[in-house]
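Quick notes on the structure that follows.
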Amino acid sequence: MSAITGTKSSKPAAGSSSELAERLLIWYRNYRRVLPWRGTNDPYAVWVSEIMLQQTRVETVIPYYRRWMEQFPTLQHLAQAEEQQVLKAWEGLGYYSRARSLHRAARLVVEKYQGQIPASTKELMRLPGVGRYTAAAVASIAFGQDEPALDGNLRRVAARLFNVSLPARSPEGEAQILAHLRAHLPPGQAGNFNQALMDLGAMICTPRKPACGDCPLAEWCQSRRLGVQEERPVLTRRAAPPLITVTAAVIWRDGKVLLTRRPANGLLGGLWEFPGGKQEDGETLVECLRREIREELGVEIEIGEPLGVYRHAYTHFKVTLHAFISRLRHGEPQPHQADDMAWAALEELSRFPMGKIDRQIAADLLKISRSLFPAG
DNA sequence: AAGACGTGGTT
DNA sequence: TAACCAAGTCT
């Protein structure tokens, strides 16, 4: 068969590792990336790294991972931490439900599993924030279980290697890819196999212009043989994100500013922000802000100088935020539509976990205050 | 099942 | 620039 097609057989003998897998593991021994979470099998460390790495670049994760393991070196440390502390450590990483879930899961493992992280994918998947990929990664890397992981890298590499023409993110495409991976999984080496494919995807089999000339698996690659490697994986397009306009108020009183805490679930859940909200049709910015503050806090405000205009792109929409310096006119604010509320001095702002835009507003306030009062 | 859910880098 | 994407999960 290989003589006819020009590629090697993709079918390994049952129960043994394929030639492809052996070649991949040799490449991995020689070229694997040195990363802070490698070189340990500590299930907690592996777990933390896998959660942080979800939809997030390795270079972004590294400093967060180091700080995290310093601050929460064990499962017990994490379980005992306050949620605000956990969110603060996560600030800037995005997808904040990951931090909240990890924290909840740590408490659950301490209370219900005697502090022992489960080893099977089935049990791992019961933990909040642990899905199919993470369960397979932890089970294979930390516990040596024969589980194929399927992430963005593996999806792309496998779609090319086995020339999968179904949409790679569809249930059918993923099932096909997983079947191929499972067929090549070297028994007892799944952790290395999974990580090798991730490294290959990151360094060789990249999204654009894959370096096929340097690929240890080139002779097995079916899409390369057909010259369609750049058309794999088959992707589906997404709709353009809507644009929304929002306002926010920096409400001053006695040298402090008012912060509210976002509801636990949803966008930026549990993070603090300067109160405000989305502009509705036919509404001016000032009308919008007055209404939002009335609804959220039950008070009337006097809107002063604009502080700045902030633009930010989230995954599924883009926002332009107009921030205004404001003061209270009537009433004492209550967190009607927020989980909590706090008056914070400028020096305290850094303690509150915030998303990107609100952190930028806070930074601008500090900057302005320092220029007005250089002595402090 | 399709859309919500952050941020930063690249093209 | 706008679009795409990077070690996914949840509803």
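The values are calculated or read from the model by the stated rules, or taken from the named source; none is laboratory data. Values in this document were obtained by computation on a predicted structure and should not be read as measured data. Note that each Cβ is placed from the backbone with ideal geometry, even for glycine, and that neighbours are counted across all protein chains shown. Side chains are part of the model used for accessible areas, which takes the heavy atoms of the whole protein and leaves out ligands, DNA and RNA. Shrake-Rupley method; radii C 1.70, N 1.55, O 1.52, S 1.80 Å.
Within region A:219-242, at least one residue is on the phi > 0 side of the Ramachandran plot and assigned to a loop (DSSP other than H, G, I, E, B). Scanning region A:211-239 for residues that are of a type in the set (A, V, I, L, M, F, W, C) and in contact with a strand residue (DSSP E or B) (Cβ under 9 Å, 6 or more places away or on another chain) returns A:Val234, A:Leu235.
For region A:90-135, the set of residues classified as within 16 Å of DNA strand B (Cβ to nearest atom), part of a helix (DSSP H, G or I) and open to solvent by less than 20 Å² (accessible area, probe 1.4 Å) consists of A:Trp90, A:Arg98, A:Ala99, A:Ser101, A:Leu102, A:His103, A:Thr134, listed by residue number. Residues that are assigned to a helix (DSSP H, G or I) and touching a Ser or Thr at 6+ places or on another chain (Cβ under 7 Å) were ranked within region A:283-338; the one that is nearest to A:Gly269 (Cα to Cα) is A:Glu296.
Can you tell me which residue is nearest to DNA strand C (Cβ to nearest atom) among those in region A:339-361 that are among the small types (Gly, Ala, Ser) and over 17 Å from A:Arg253 (Cβ atoms)? Before you say what the answer is, go through the steps one by one.
Of the residues in region A:339-361, the ones among the small types (Gly, Ala, Ser) are A:342, A:344-345, A:350, A:355.
Remaining after also requiring over 17 Å from A:Arg253 (Cβ atoms): A:350, A:355.
On the way: A:Ser350: 25, A:Gly355: 15 Å.
Per the stated criteria, the residue is A:Gly355.
The set of residues from region A:270-282 being open to solvent by less than 30 Å² (accessible area, probe 1.4 Å), in contact with a Ser or Thr (Cβ under 7 Å, 6 or more places away or on another chain) and in a loop (DSSP other than H, G, I, E, B) comprises just one member, A:Pro275.
Being on the phi > 0 side of the Ramachandran plot and open to solvent by less than 80 Å² (accessible area, probe 1.4 Å) is the filter here, so list the residues in region A:243-269 that pass it. Before you say what the answer is, go through the steps one by one.
We begin by selecting, within region A:243-269, every residue on the phi > 0 side of the Ramachandran plot; these are A:254-255, A:266, A:268.
Listed by number, the residues that qualify are A:Gly255, A:Gly266, A:Leu268.
Does A:Ser165 fit the bill of being open to solvent by 50 Å² or more (accessible area, probe 1.4 Å), farther than 22 Å from A:Gln55 by Cβ and hydroxyl-bearing (Ser, Thr, Tyr)? Answer is yes for this residue. The residue pairs whose first member lies in region A:114-127 and is on the phi > 0 side of the Ramachandran plot, whose second member is hydrophobic (A, V, I, L, M, F, W, C) and away from DNA strand B (no atom under 16 Å from the Cβ), and whose beta carbons are closer than 9 Å, counting only pairs six or more residues apart or on different chains, are A:Gly115/A:Leu75; A:Gly115/A:Ala79; A:Gly115/A:Val109. Being more than 16 Å from DNA strand B (Cβ to nearest atom), within 22 Å of A:Gly115 (Cα to Cα), in contact with a helix residue (DSSP H, G or I) (Cβ under 9 Å, 6 or more places away or on another chain) and in a helix (DSSP H, G or I) is a condition met by at least one residue of region A:59-69. For region A:150-178, which residues satisfy the criterion of being in a helix (DSSP H, G or I) and closer than 25 Å to A:Arg32 by Cα? Of everything in region A:150-178, those that are in a helix (DSSP H, G or I) and closer than 25 Å to A:Arg32 by Cα turn out to be A:Gly152, A:Asn153, A:Leu154, A:Arg155, A:Arg156, A:Val157, A:Ala158, A:Ala159, A:Arg160, A:Leu161, A:Ile177, A:Leu178. Report yes if A:Asp358 is in contact (Cβ under 8 Å) with a residue 24 or more places away in the chain, open to solvent by less than 50 Å² (accessible area, probe 1.4 Å) and either closer than 24 Å to A:Ala99 by Cβ or assigned by TED's automatic domain parsing to the domain that holds A:Phe274 (or both), otherwise no. Yes.
Considering only region A:339-372, how many residues are in a strand (DSSP E or B) and either under 17 Å from A:Pro263 (Cα atoms) or over 33 Å from the mean Cα position of the chain (by Cα) (or both)? Explain how you work it out, then say what you get.
Kept after step one, since they are in a strand (DSSP E or B), are these residues of region A:339-372: A:340-345, A:354.
Those still in the list that are either under 17 Å from A:Pro263 (Cα atoms) or over 33 Å from the mean Cα position of the chain (by Cα) (or both) too: A:340-342, A:354.
Residues in region A:339-372 being in a strand (DSSP E or B) and either under 17 Å from A:Pro263 (Cα atoms) or over 33 Å from the mean Cα position of the chain (by Cα) (or both): 4 in total.
Remark: pairs (first residue in region A:176-200, at negative phi and open to solvent by 10 Å² or more (accessible area, probe 1.4 Å); second residue basic (Lys, Arg) and within 12 Å of DNA strand C (Cβ to nearest atom); Cβ separation under 7 Å; 6+ apart in sequence or on different chains) are absent. Among residues belonging to region A:43-61 that are hydrophobic (A, V, I, L, M, F, W, C) and within 10 Å of DNA strand C (Cβ to nearest atom), point out the one that is surrounded by the fewest Cβ atoms within 10 Å (Cβ to Cβ). Restricting to residues being hydrophobic (A, V, I, L, M, F, W, C) and within 10 Å of DNA strand C (Cβ to nearest atom), the top hit is A:Val58.
Among the residues that make up region A:197-213, is at least one of them in a strand (DSSP E or B) and away from DNA strand C (no atom under 14 Å from the Cβ)? No. Exactly one condition in (1) assigned by TED's automatic domain parsing to the domain that holds A:Glu59; (2) more than 15 Å from DNA strand B (Cβ to nearest atom); (3) of a type in the set (Val, Ile, Thr) is false for A:Ile204; which is it? Just one mismatch for A:Ile204, condition (2).
Looking at region A:73-89, which of the residues that are without any contact (Cβ under 8 Å) to a residue 24 or more places away in the chain and more than 16 Å from DNA strand B (Cβ to nearest atom) is most open to solvent (accessible area, probe 1.4 Å)? Checked region A:73-89; the qualifying residue most open to solvent (accessible area, probe 1.4 Å) is A:Gln80.
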